[in-house]
1. Those residues that are of a type in the set (Gly, Ala, Ser) and free of Cβ contacts under 8 Å to residues at least 40 places away in the same chain, I need them from region 35-58; list them, please.
2. Any residue at all in region 53-73 that's over 28 Å from residue 5 (Cβ atoms), at pLDDT below 90 and out of contact with any Phe, Trp or Tyr (no Cβ under 9 Å at 6 or more places or on another chain)?
3. Among all residue pairs at least 6 apart or on different chains, which show Cβ distances below 8 Å where the first residue, located in region 77-88, is under 14 Å from residue 12 (Cα atoms) and the second is of a type in the set (Lys, Arg) and outside any loop (DSSP other than H, G, I, E, B)?
4. Count, please, the residues in region 75-94 that happen to be under 21 Å from residue 22 (Cβ atoms), aromatic (Phe, Trp, Tyr) and part of a loop (DSSP other than H, G, I, E, B).
5. Which number in (1) touching a residue at least 24 places away in the same chain (Cβ under 8 Å); (2) under 23 Å from residue 65 (Cβ atoms); (3) hydrophobic (A, V, I, L, M, F, W, C) marks the one condition that residue 32 misses?
6. Kindly indicate whether residue 65 is closer than 15 Å to residue 92 by Cα, part of a loop (DSSP other than H, G, I, E, B) and free of Cβ contacts under 8 Å to residues at least 24 places away in the same chain.
7. Among 52, 72, 32, 25, which is surrounded by 13 or more Cβ atoms within 10 Å (Cβ to Cβ), more than 12 Å from the chain's Cα centre (by Cα) and in a helix (DSSP H, G or I)?
8. Out of (1) among the polar types (S, T, N, Q); (2) surrounded by 12 or more Cβ atoms within 10 Å (Cβ to Cβ); (3) farther than 22 Å from residue 92 by Cβ, the odd one out for residue 10 is which?
Amino acid sequence: MLVAKLSREQWPAAPLTEAHPKALLRVSAAALAFVSAPEFPEVGEHIRDAALAAYAAHAFLTQAAGWHDLLLNERSPFFPGGTEVAYWFPKQRT
């Protein structure tokens, strides 16, 4: 929330998206393959989750096929950071 607020202040036009790395691992075989690849070193859970958040942000910025903004399904979203963010996530389990 703090990062979203500070990012919006510094870069008002920057697109922002939320991520849920552990949920992403449960629904996306591609995300699991990304962090399981031999070139991805054995790292701690926090670093892995940060990489998965970047993976989701990349899908958001490139408007990757098979992904969509879950926020569009919400009727009255609440943004505690005071700025709207997307929630880019795979459309279906792969």
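1. 36, 37, 44, 50, 51, 53, 54, 56 - these are the residues of region 35-58 that are of a type in the set (Gly, Ala, Ser) and free of Cβ contacts under 8 Å to residues at least 40 places away in the same chain.
2. no
3. 81/5; 81/8; 82/5; 82/8; 83/5; 83/8
4. Number satisfying all stated conditions: 1.
5. Going through (1) touching a residue at least 24 places away in the same chain (Cβ under 8 Å); (2) under 23 Å from residue 65 (Cβ atoms); (3) hydrophobic (A, V, I, L, M, F, W, C) one by one, residue 32 breaks only (1).
6. On the way: closer than 15 Å to residue 92 by Cα: yes; part of a loop (DSSP other than H, G, I, E, B): yes; free of Cβ contacts under 8 Å to residues at least 24 places away in the same chain: yes.
It is true that residue 65 is closer than 15 Å to residue 92 by Cα, part of a loop (DSSP other than H, G, I, E, B) and free of Cβ contacts under 8 Å to residues at least 24 places away in the same chain.
7. Values: 52 fails: more than 12 Å from the chain's Cα centre (by Cα); 72 fails: surrounded by 13 or more Cβ atoms within 10 Å (Cβ to Cβ); 25 fails: more than 12 Å from the chain's Cα centre (by Cα).
Within the list 52, 72, 32, 25, the selection yields 32.
8. The single condition residue 10 does not satisfy is (2).
The values are calculated or read from the model by the stated rules, or taken from the named source; none is laboratory data. Fair warning: this is a prediction, and the values are worked out from it, not measured in the lab. Cβ atoms come from the backbone with ideal geometry, glycine included; neighbour counts cover every protein chain shown.
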